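As structure tokens, the structure follows; a few thoughts come after it.
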Amino acid sequence: MSADGLPMVVPAQDLPARVRIHEVGARDGLQNEKTAVPTAVKAEFVRRLADAGLTTIEATSFVHPKWVPQLADAEELFPLVSGLDGVELPVLVPNQRGLDRALALGARRIAVFASATESFAKANLNRTVDESLAVFEPVVRQAKDAGAHVRGYVSMCFGDPWEGAVPLHQAVRVCGALRDMGCDELSLGDTIGVATPGHVLELLALLNEEGLPTNVLGVHFHDTYGQALANTYAALEHGVTTVDASAGGLGGCPYAKSATGNLATEDLVWMLHGLGIETGVDLGRLTATSVWMAEQLGRPSPSRTVRALGSTTQTHKDK
């Protein structure tokens, strides 16, 4: 919290007592950066995020360097951070080769990335939706056989830059397919930030009706239209307890140009703490980390909370 004790804690009824923040800044946040971020800086970013109390930090992606050059150092980065006590380090894998590389380094939390729409599947995966699911099935099976926890991302759940509004049944079908092949949790992605709270509640309710319980669902909102926190609140009302966010609001999507930054972790923590919801995160340390990262990138953080607190927060010193 800030030095003056804000935010004032005023709990709301029927919200979760605790939320697990799935921090994506080191992977989703940095992947679209045009200038290469040194591996040592990425590792320090992950360490500082852990020091701020985040316990799930998505570290990198084992994708081919041709597609995401920023994450070409996955083999070098992962061993630098894999020893953090009490911290889970999920990594994204696009295919069998990516999984093999990740497992060889000891990764035990794996994520696969599917799409609810054909257009984005083609742009991001160069396959149809069904073809991409067919690729993921043996990947998920092998990961589970190796004792790994598997997360399934579903992008474009609410809107697509080429197709417009996405029928709910498309997102539900892909979520069901990932769950059936063995994914332990699903992250519902509002990749271009067009969702509104009623839309979020409708999708969550439909997923429940189709046999997907709320406790396996997480949400991943982008803030293109300023709706990310409102959408998160709606998800909390429904009982969701896993929320993706990116420190400092970093991120976008290299394959969807209308996708702006992720929900900023600081903005999320400010709201959750004000509601009396536990996160385990030290907001001061987190803000200092994002101020530091913004300095590395040479531009200010888009997070409103970082901007509000950053000028009064001393940058967390290197250990």
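Listed values, structure above:
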{"quantity": "Residues of segment 14-30 classified as outside any loop (DSSP other than H, G, I, E, B) and surrounded by fewer than 22 Cβ atoms within 10 Å (Cβ to Cβ), total", "calculated": "2"}
{"quantity": "Any hit, segment 215-235, residues being part of a loop (DSSP other than H, G, I, E, B), within 21 Å of N124 (Cα to Cα), of a type in the set (S, T, Y) and open to solvent by 20 Å² or more (accessible area, probe 1.4 Å)", "calculated": "yes"}
{"quantity": "Selection from segment 33-56 of residues that are within 17 Å of D244 (Cα to Cα) and in contact with a Pro (Cβ under 8 Å, 6 or more places away or on another chain)", "calculated": "T56"}
{"quantity": "Inter-residue pairs, beta-carbon under 7 Å, first over 15 Å from G83 (Cβ atoms) and without any contact (Cβ under 8 Å) to a residue 60 or more places away in the chain and in segment 38-53, second in a helix (DSSP H, G or I) and open to solvent by less than 10 Å² (accessible area, probe 1.4 Å), 6+ apart", "calculated": "T39/L77; K42/A26; K42/L77"}
{"quantity": "Count - residues of segment 13-37 that are farther than 22 Å from P90 by Cβ, small (G, A, S) and at pLDDT 95 or above", "calculated": "1"}
{"quantity": "From the options F136, F120, residue that is more than 19 Å from T39 (Cβ to Cβ) and either touching a residue at least 60 places away in the same chain (Cβ under 8 Å) or in a strand (DSSP E or B) (or both)", "calculated": "F120"}
{"quantity": "Residue satisfying all of: in segment 123-133; buried (at least 21 other Cβ atoms within 10 Å of the Cβ) and without any contact (Cβ under 8 Å) to a residue 40 or more places away in the chain; farthest from the chain's Cα centre (by Cα) among these", "calculated": "S132"}
{"quantity": "Residue match in segment 31-42 (condition: outside any loop (DSSP other than H, G, I, E, B) and closer than 26 Å to V219 by Cβ)", "calculated": "yes"}
{"quantity": "Any pair with Cβ under 8 angstrom, 6 or more apart, that starts in segment 177-202 at a residue that is farther than 17 Å from V243 by Cα and among the acidic types (D, E) and ends at one that is at pLDDT 95 or above and open to solvent by less than 50 Å² (accessible area, probe 1.4 Å)", "calculated": "E202/L168"}
{"quantity": "Members of segment 185-211 that are part of a helix (DSSP H, G or I), touching a Phe, Trp or Tyr at 6+ places or on another chain (Cβ under 8 Å) and open to solvent by 10 Å² or more (accessible area, probe 1.4 Å)", "calculated": "P197, H199"}
{"quantity": "Output for segment 49-72, where each listed residue is out of contact with any Gly (no Cβ under 7 Å at 6 or more places or on another chain), open to solvent by 10 Å² or more (accessible area, probe 1.4 Å) and within 24 Å of G284 (Cβ to Cβ)", "calculated": "A50, D51"}
{"quantity": "Selected residue (only one of G252, G164, G280 is at pLDDT below 95 and out of contact with any strand residue (DSSP E or B) (no Cβ under 7 Å at 6 or more places or on another chain))", "calculated": "G252"}
{"quantity": "Qualifying residue in segment 144-164 (condition: part of a helix (DSSP H, G or I), on the phi < 0 side of the Ramachandran plot and open to solvent by 30 Å² or more (accessible area, probe 1.4 Å))", "calculated": "yes"}
{"quantity": "Residues (more than 18 Å from the chain's Cα centre (by Cα), open to solvent by 30 Å² or more (accessible area, probe 1.4 Å) and within 22 Å of D51 (Cα to Cα)) located in segment 73-105", "calculated": "E76, P79, L80, S82, G83, L84, D85, G86"}
{"quantity": "Verdict on V194 being under 15 Å from C157 (Cα atoms) and out of contact with any helix residue (DSSP H, G or I) (no Cβ under 9 Å at 6 or more places or on another chain)", "calculated": "yes"}
{"quantity": "Residue tally, condition in a helix (DSSP H, G or I) and either surrounded by fewer than 19 Cβ atoms within 10 Å (Cβ to Cβ) or touching a Gly at 6+ places or on another chain (Cβ under 7 Å) (or both), over segment 293-306", "calculated": "7"}
{"quantity": "Considering residues of segment 265-280 that are among the acidic types (D, E) and part of a helix (DSSP H, G or I) only, the residue most open to solvent (accessible area, probe 1.4 Å)", "calculated": "D267"}
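The values are calculated or read from the model by the stated rules, or taken from the named source; none is laboratory data. Since the model is a prediction, treat every value here as computed from it, not as a measurement. Here Cβ is always computed from backbone atoms with ideal geometry, including for glycine, and neighbour counts include all displayed protein chains. The area values use the complete protein model at the heavy-atom level, side chains included, leaving out ligands, DNA and RNA. Shrake-Rupley method; radii C 1.70, N 1.55, O 1.52, S 1.80 Å.
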